[in-house]
Amino acid sequence: MEIEKNLNNNNNNNNNNNNNQIEMENQNQIEMENQIEMENQNQIQNQIEMENQNENQNQNENQNQIEMENQNQIEIENQNENQNENQNEMENQIQNQIEMENQNENQNENQNENTNEIRIENQNEIEIEDGKENNQKNQNQNQNQKMQTEAEEQSIIDTLEEFDFDNYISKYSGNSKIQRLLILYKKSRKYKEIALKMALEEVKASKHITQYITIFNEFKLKYQETDNVWIQNVEEEYAKKQEELENALKNARLRNVQDHIGLCLVDLGDFSCKKGDFSTAYKYYLRSNTMITNRTQKLERLLKLIEVSIILKNFGITLKYGEEAERFVDSSDKISLAKIKAAIGISYIHQESYTKAAQSFLSIPEGLQEEFREIITGYDIGLYGILFGLATKNRYGILNGILNNSSFGWYLENIPEAHNLASDFYNASYSSFTMRLSQFHALSSIDIHLSNCYSKLFKLIRSKAIQQYFFPFSSISLSLMANDFLSDIGSFEKEISELIFDGSLSAKIDAFNMVLHKRQVDIRSESYEKSFEFGENYYRKTKMLLLFANLKKSNLKVKKIKKRKDQNYPSLDDFKRNRKD
Amino acid sequence: MEKLLQQIVQLSGNQKDLDKLRKALNESKDKVLKNFQIIDGMIGQLEDSKHTLGKMFLLSMKGQSRSTNPEQYLVQLERFIPRATQNQVQIMPEWYSNCLTRMTQLAFDLKVPQRAVYPLQKGIPLLQTVPELITPSHSHFMLVCLYTRNYRAALPILENDVYDIDTKKLSITVKDVLLYYYYGGIIYGVLKRWRDATDFFEQAITVPGEALSAIVLESYKKYIFAHILAFGKAPSLPRYTSPVVVRLLKNLCKPYEEFAKAYDTHDMGQLDMCLATHNEIFEKDKNIGLAKQCAQSLIRRGIQRLTKTYIKLPLEQIAKEFNLKSAQQAEFYILDMIEKGEVFAKIDQQEGQVSFFDDPEPYNTSEMSEKLISKIKDVTNLTEKLQTLDEFIVTDLDYIRKTMDDDEEFEVQDSIVKDGVSDK
C-alpha cells in the first residue's frame, strides 16, 4: 500500500515535470498576485516573516529555543517553567521546519523572479512600475551619496592662494582642456562659472558637436541655453563632409584594396574625432587597424587608438595598444616613444599600480612638449613622474631614478617646484617637503588622472617620508616629529598609530611620555604564530571546500521549487516516505 | 514469516551469508507489510548485536505501520540502536538510518526528546561508513541537543569533521546538510566558540544553490555576528558562494550589512546608532542578544588593537577613546581582559597608565611541539583526501572529454597513441 502511494507520488512528480510549461505560464499569474502584495524587497522580507508566523504559529517559540544568545538565557529559563506548554509544540517542530523551508523557498523563488523582472519577457504593468520605483529610489540614494562626497572634496583648490587659473588652463588645448575645465566646474566654487563658460567656448571653437550635447546632458544644464543656430550650422557642414567620406569608403570597398579601405576608415575616424564623437571614432580606428599593413601607418593607427581610448577613459584598451605600439616603434623616434610611454603610464595610474606608473613616466625619453597636448604635456609628465616616484621609490631610488635621470630631468626643468620637492625628500628637510607637498595636493585634486586617487597617493608619499624619518632612530620624541611634519601632536599620534596598524611602520608609541620606539621583534615567535594561524586557516578552508566539492559531486543543491501558493505542502510523513525505504 | 525469522538467525554470520540475507530481506518486504501484527514477536526473538541486519530491517519496516504503540516502539528502538554491530549496519545503512529517524521522531512525538540524545550519539558513528561521512541524523542530533539544552553532548559529533557524502549508500537531502550546519553553528555559538560557529554558518551559506533557502538566510544573519565576534571585523563571503545567493542575501539582510559596516568603522557612536535604528528587526529575528554582544566586543577589540601600536598608554586616554565614563572603567575592562588572556598588559595604578606587551608565549615548550605535530598530522590527512579527490577528477571520463575538447594538443597526443597502437 505504502509503496504504491510512493510510486504514485513519483508519478505525480513526473507529471509535474511534464507540465512544467503550464506551470511556467501560471507562474506569471502568481507573480502578478505576489507583485501586488510585495511592493519592494523590504516588504518581501516582511512577507516571508508574516507568512511564517501565520503558517507556523509556534515558530517564534521555536526560535526562542534555538537562540544562541546568552542574553536570552534568562528568557529561556523562564520558558523552562513553561516547558509543558512548549512540549506541546515539539511534535510540530520538525514539521514546521520543513514547511517553513518549503514556504520560504517558494517565496524566495518568487522574489528571485522579482529581481529579474526586467528580463522576463511577459512583463505586466505592475512589474514595470515597481521596477521603476526601485530604480528611482536607488538613483536618488546614489546621487545623495555622491553629493555628499563631492561637497567634502570640493574647494580644496580654492584654499590654494597662488593658484593661477589662466596660466594653468592655457597650457592645454582641445579635449584635455575641456576635461580639466569640467573638473574645475565640479570641484571649485571660485572658478565654477568661468570654467563652464570656457569649456563650452572651447567645445564650440573645436566644433565638438556631439560632446557639446553630452555636456548639457551630463551636468543637467538648462536646454534653453543651448546654441541651436550654431548646432544647425555645424551639423550641415558636417553632413556634407560625412557623405563625401562615406562615398570614398564605398569606392575603396569596390576596388577592394585593403590599404585604401584602411585609409578611408581612418579619415572617417578623424572626422568623428573632430565632431567630438569619440566612441564612433574608436570603432573606425579599430576596423582600420586590421586592414593596414604598412609599418609606419600601423604605428600612427595605434597612436590614434591610444589617444581615443584615453579620451574615452577605457584604460585597459590603452594599455593593450600601448604595449603593442611599444613593439612597433623605432627607438630613434623619441616623440612617438614618449607618447606611448606616457599613455601606458596613465593607464597604470587608473589601474592603481603605482610602481609601474612611476617606471613608465620616469623612462619617458626627453623632448615631448606640446605634441601630445590633447592628452598630456611635458609639465604633467614631470608632475606624475615625481609624485609616483616619491610614492614608490626609496631614497636611493629617488636619487638615481629622478634627480640623476637626465632624460627625465628635461621634464623637471618645466616644473622646478617638483624638483625641489624630490630633493627635499632626498636631503631629509621634512618641513619644507611637507609644505611643498600640500601645494601639489591641492593641484592634484583637479587633475584629470589624479583626481580619483590623489588622497591615497599623498597619504602614501607622506607615510614614505615618515618611514624614512624614523629609519635611523630607535626612539624619538613624537612632538619633535610632529613639528617637522607640520602637524599637531594629537592628530600626528593618530596618523602614526594608523601607519603602525597597517604594517608600514614597525614601531610602538609610548603615549605616556610621547615617545615613538622601534619595535622589538622576536622573529621566531612571530613565525611560529603565523604558521599556526596559516595552517589553521588552510585546514578549515580546505575542509569547507571539500564538503562543497562533495555536494557538487552528488548534485545536492538548493533547488527552485515551482509550486502554487495555495498548494498543500508535504507533511512530515510524506517527507519521510519520499526519502526511500 | 517463520522462514524469514529462521533465515535471519542462520544467516547472521559471515559476510557472504549476510549478503544473502540482505537479498532475502529485500524480497520479503511485501510479505512483512502484510503481516505487521507478528513483527513484534519476531523482534523480541532477535538479539540486538548478533542479528543487527535483520532486526534493523524489521524495525524500519515497522515504522510504516500506523497502528503501532509509540511508547513500545520507542523502547525497542532505544534499546537496539546503541547495541547494533557496525559491520552489519554498513550492509544496509539506509535501514539503520530509518531507525534513527523514526526514533527521533517518536521522542519528539512523545515529548521526551532527551531520550533521543544517547542513542543518536552512539548511533551516528555506527552509521558512518567513513568517519568523515555526513548523515541525515547529524541534523536531528543537533536539534535534539538544542531542545534539551544538552550542548556539550553534541560536541563529540560536532568536533568530528565531516565532509564526505555518499548518496549511493545513504541518501541525504540538501536540507539535512543545511540544518546540520545551522544548528551546529548555533550550538558552537552558545558555547562561545565563535570561530567554529563562523565556519559552520559559512558552510551552510556556501552550499550550492539555485535559490535562497530560509536556512541560508538565517545562517547569514547569524554568520555576520559570529564573524564579528570571532575576528573583530565584518565578513566577506568566499568567492565560490552561489551568485544568486549572494545577491539575495545582500538585498534581504540590509540592516545586518549596515551593522557590520558600522562595526568596521570602530566607532562606538555609529554602532550604537545603527543598533538603535535596527533594534526592532534584530529583536524580531531574535538576534538582538548577538548584536549586543558584538557591541560590547567593540571596546575589547579596540583595546586589543591598542596593544599593537602602543607600549604605554594613560588610562584616561583609553577612557576617552572608547567613550567610557572614567579611567576606573577602562581599568576594569583591561583587568578583565588580562584575566581572560585577551591582552598582555600591566597596570601602573600610581601613575594611571598601562604597559602593553607582546604575547609572551615562547613557542619552545614540549606542549607546543606536540600541538604542532598533531596539526601537521591533520593537514596531511586532509591532503591525502584532496589527492584522492584529485585522482577521481583526473580519471573522470567527462572531465577528460571536456579537457580534450579544449585542448587540441591532447587530441594530437591521443591520435599519436592510437597510431602507435595500430602500428604494432
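The values are calculated or read from the model by the stated rules, or taken from the named source; none is laboratory data. Please read these numbers as outputs of a predicted model, since none were measured by experiment. Every residue, glycine among them, receives a Cβ derived from its backbone with ideal geometry; neighbour counts consider all protein chains shown. Calculation scope for accessible area: heavy atoms of the full protein, side chains included, ligands and nucleic acids excluded. Shrake-Rupley method; radii C 1.70, N 1.55, O 1.52, S 1.80 Å.
The mean count of C-beta atoms from other chains within 10 Å of the C-beta of residues in B:105-113, rounded to a whole number, is 4.
Between B:Pro255, B:Pro235, B:Pro314, the GNM of chain B built on Cα springs shorter than 10 angstrom shows B:Pro314 fluctuating the most. With 20 Å as the limit, write out which pairs from A:Lys456/B:Lys320; A:Lys177/A:Lys304; B:Lys34/B:Lys169 have Cα-Cα distances beyond it, or answer none. Correct reply: A:Lys456/B:Lys320; B:Lys34/B:Lys169.
Other residues within the sphere of radius under 13 Å centred on the Cβ of B:Glu331, judged by their own Cβ, net out at -3 (K and R +1, D and E -1). Loop-located chymotrypsin sites (Phe, Trp or Tyr not before Pro) across segment B:287-353 with a Cβ neighbour count of 15 or fewer within 10 Å are B:Phe344, with loop assigned by DSSP. Among the trypsin sites (Lys or Arg not before Pro) within segment B:298-376, those in coil by DSSP and having at most 11 neighbouring Cβ atoms inside 10 Å are B:Lys325.
With all protein chains kept in place, the per residue accessible area of segment B:173-304 amounts to 32 square angstrom at a probe of 1.4 angstrom. Taking amide H atoms as placed 1.01 Å from N in the peptide plane, the amide H of B:Gly209 lies under 5 Å from those of A:Val558, B:Ser242, each 5 or more residues away in sequence or on another chain.
Return the loop-located GluC sites (Glu not before Pro) in segment A:249-355 (DSSP other than H, G, I, E, B) with at most 12 other Cβ atoms within 10 Å of their own Cβ; answer none if there are none. The qualifying sites are A:Glu352. For B:Gln353, the amide hydrogen comes within under 5 Å of the amide hydrogens of B:Leu315, B:Asp348, counting only partners 5 or more places away or on other chains and with H modelled in the peptide plane. A Cβ-based charge dipole, computed about the Cα centre of chain B with Lys and Arg at +1 and Asp and Glu at -1, lands at about 1960 debye. Only helices enter the 222 nm calculation for chain B: every DSSP H run of n ≥ 4 contributes -39,500 (n - 2.57), and dividing by all residues gives -22000 deg cm²/dmol, rounded to 500. Based on Cα contacts under 8 Å between residues 6+ apart, chain B shows a relative contact order of 7 percent.
For chain B, complete DSSP H runs whose alpha carbons reach 27 Å or more along their own long axis and whose mean Kyte-Doolittle score is -1.0 or higher are B:288-309, B:366-394.
Checked against a 32 Å cut-off, the cross-linked pairs B:Lys20/B:Lys377; A:Lys557/B:Lys50; A:Lys530/B:Lys402; B:Lys192/B:Lys375 give Cα-Cα distances beyond that limit for B:Lys20/B:Lys377; A:Lys557/B:Lys50; A:Lys530/B:Lys402. When chains B and A come together, the accessible area they lose, probed at 1.4 Å and totalled over both chains, is close to 9700 Å². Residues within the reach of a label modelled at A:Tyr379 (point 7 angstrom out along Cα to beta-carbon, backbone nitrogen below 20 Å), restricted to segment A:192-219, are A:192-203. Per residue of peptide A:536-546, the mean number of Cβ atoms on other chains within 10 Å of the residue Cβ is 6. For chain B, the residue among B:Thr206, B:Val130, B:Met368 whose Cα projects farthest onto the positive side of the dipole built from Cβ charges is B:Val130. Shielding value for B:212-221 is 5, the average number of Cβ atoms from other chains within 10 Å of each residue's Cβ. Given H placed on each backbone N at 1.01 Å, which residues far from A:Ala507 in sequence or on other chains put an amide H within less than 5 Å of it? Result for A:Ala507 returns A:Arg519.
Pairs B:Lys23/B:Lys168; A:Lys494/B:Lys233; A:Lys553/B:Lys62: which exceed 22 Å Cα-Cα?
The pairs that break the limit, which is 22 Å between Cα atoms, are A:Lys553/B:Lys62.
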